[in-house]
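*Asks:* Quick one: structure below, then a few questions.
The values are calculated or read from the model by the stated rules, or taken from the named source; none is laboratory data. Model, not experiment: these values are computed from the prediction. Using ideal geometry, Cβ is built from the backbone for each residue, glycine included, and neighbour counts are taken over all protein chains shown.
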Amino acid sequence: MVPFDDDMGKTVSRGTDADRYVGNRIRERRVMLGLSQQQMAQLIGVTYQQAHKYERGINRISAGRLYEIARVLRVPVGFFFEGLDGSSDEEELSVRQRMCLELARNFTQIPNDRHREALSQLARVLAAK
């Protein structure tokens, strides 16, 4: 965390860019799995507020907690650091990942089973072309 002095002379810590990046990766994966922040918080044994702070990069995540998050989200710990160096190929992939997350989130919100199946078939047909 990066310490700084606030207006009253107290030292305050804020998350680094890496903390925010890891938090964003956690959020992306959680959304991809269709978990709410509350559900994930319960699964990793923290409060909703703490899970929210992890995802925003406000609070740092200990190695043990990151391991637990990776286990719950069914990814290797290294997943949270992929693309952290900011190379352009990974940046382009990140845009694609965000689109996939949005698609997955919207897909899970479709209440009708027949509509979800039709959309899934449409995607298969379009991908084959």
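*Asks:* Output the residue which, of all residues in the stretch 42-69 that are of a type in the set (A, V, I, L, M, F, W, C) and closer than 22 Å to Arg98 by Cα, is modelled with the lowest pLDDT.
*Replies:* Of everything passing the filter in the stretch 42-69, Ile58 is modelled with the lowest pLDDT.
*Asks:* Return only the number of the condition from (1) part of a helix (DSSP H, G or I); (2) surrounded by fewer than 18 Cβ atoms within 10 Å (Cβ to Cβ); (3) of a type outside the set (Ser, Thr, Tyr); (4) in contact (Cβ under 8 Å) with a residue 40 or more places away in the chain that Leu84 does not satisfy.
*Replies:* (1)
*Asks:* So which residues in the stretch 103-129 are in contact (Cβ under 8 Å) with a residue 40 or more places away in the chain and either assigned by the TED database to the domain that holds Ser36 or of a type in the set (S, T, N, Q) (or both)?
*Replies:* Listed by number, the list holds a single entry, Thr108.
*Asks:* Please state which of the following conditions Met99 fails to meet, knowing it meets all the rest: (1) modelled with pLDDT of 80 or more; (2) under 13 Å from Arg25 (Cβ atoms).
*Replies:* (2)
*Asks:* How many residues, within the stretch 14-37, are more than 14 Å from the chain's Cα centre (by Cα) and more than 25 Å from Asp85 (Cβ to Cβ)?
*Replies:* Here the count works out to 0.
*Asks:* Scan Arg105, Arg98 and give me the residue that is in contact with an Asp or Glu (Cβ under 8 Å, 6 or more places away or on another chain), surrounded by fewer than 16 Cβ atoms within 10 Å (Cβ to Cβ) and either outside any helix (DSSP H, G or I) or on the phi < 0 side of the Ramachandran plot (or both).
*Replies:* Arg98
*Asks:* To continue, here is another question. Look through the stretch 1-41, keep the residues that are in contact with a strand residue (DSSP E or B) (Cβ under 9 Å, 6 or more places away or on another chain) and of a type in the set (D, E, K, R), and return whichever of them is modelled with the highest pLDDT.
*Replies:* Ranking the qualifying residues of the stretch 1-41, first place goes to Arg14.
*Asks:* Name the pairs whose Cβ atoms lie under 6 Å apart, with the first residue in the stretch 13-35 and touching a residue at least 24 places away in the same chain (Cβ under 8 Å), the second charged (D, E, K, R) and surrounded by fewer than 18 Cβ atoms within 10 Å (Cβ to Cβ), and 6 or more positions between them or separate chains?
*Replies:* From the stretch 13-35, the pairs are Asp19/Arg60; Gly23/Arg56; Val31/Arg105.
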